[in-house]
Amino acid sequence: MNELTSLGQAVGELLKARKQTLAVAESSAGGLISACLLAVPGASSYFRGGVVTYTRESREALLSGGLAQFADVPPSSEAFARVLARSARQTLNTTWGIGETGAAGPTGNRYGYDAGHACIAIAGPVELSVTIETRSGNRELNMWAFAAAALELLEKAVKQTPAA
């Protein structure tokens with residue numbers, strides 16, 4: 001967890017310095033993205049909230065826009081992760097949103113993706129997305145890899161914007 005804590009601290013310090021805020025909607029990472037960001041002292045200055053949208057029902061109840069925004073978006077895709085990130089950002093009125101969706105394992109998901117597949121998106125002044133393929137069925141290691149990729153992508157996005 002030390003590497004994840006270090007990543008969370010680095011991006012947390014960056015957000016604090018820029019007085020920017022963040023919301024997270026994660027699925028197969030199971031809350032690890034949020035946990036890494038919250039492990040940083042002073043996280044309340046930038047972290048507005050996070051949800052584990054593991055089911056269709058949770059997306060409907062917890063994210064602005066409801067399920068209609070997901071109707072034509074392929075599940076477990078970068079486009080789906082972008083909808084999650086944008087919705088989390090809108091729901092909590094933040095500078096940035098992270099969206100993550102995928103299949104942690106040990107088997108693939110019902111949408112045809114193998115274990116170790118995740119899509120991550122950042123919504124904000126800059127939008128970025130990435131697909132991760134670990135090719136592993138190790139659920140815990142996949143979740144850690146997904147969280148690390150999300151934090152790295154957020155850091156990259158924040159650094160692409162001018163400081164206030």
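Here the dipole of the chain is about 400 debye; that uses its Cα centre as origin and unit charges on the Cβ of Lys and Arg (positive) and Asp and Glu (negative).
Each label was represented as a point 7 Å from its Cα along the Cα-to-Cβ direction; for residue 107 and residue 72 these points are 3.3 nm apart.
Values of log10 I(q)/I(0) for segment 1-155 across q = 0.11, 0.14, 0.16 Å⁻¹ run -0.36, -0.59, -0.77, by the Debye formula with one identical scatterer at each alpha carbon and no solvent. Taking the Cα centre of segment 19-91 as origin and assigning +1 to Lys and Arg Cβ atoms and -1 to Asp and Glu Cβ atoms, the resulting dipole is close to 280 debye. Relative to the longest principal axis of the Cα atoms of the chain, the long axis of helix 2-18 lies at roughly 50 degrees.
Calculate the translational D of segment 1-73 in whole µm² s⁻¹ from Stokes-Einstein, where the hydrodynamic radius comes from the Kirkwood formula applied to all Cα pairs, the temperature is 37 °C and the viscosity 0.692 mPa s. In µm²/s, the coefficient is 248.
For the chain, relative contact order (Cα pairs under 8 Å, six or more residues apart, normalised by length) works out to 24 percent.
Local charge for residue 145 was computed over the other residues whose Cβ lies under 12 Å away, with Lys and Arg +1 and Asp and Glu -1, and equals -3. Think of a 1.4 Å ball rolled over the protein heavy atoms: the chain then has 46 Å² of accessible area per residue.
The values are calculated or read from the model by the stated rules, or taken from the named source; none is laboratory data. Everything numeric in this text was worked out from a predicted model, so none of it was measured. In this analysis, Cβ positions are derived from the backbone assuming ideal geometry, glycine residues included, and neighbour counts consider all displayed protein chains. With ligands, DNA and RNA removed, areas are computed over all heavy atoms of the protein, side chains included. Shrake-Rupley method; radii C 1.70, N 1.55, O 1.52, S 1.80 Å.
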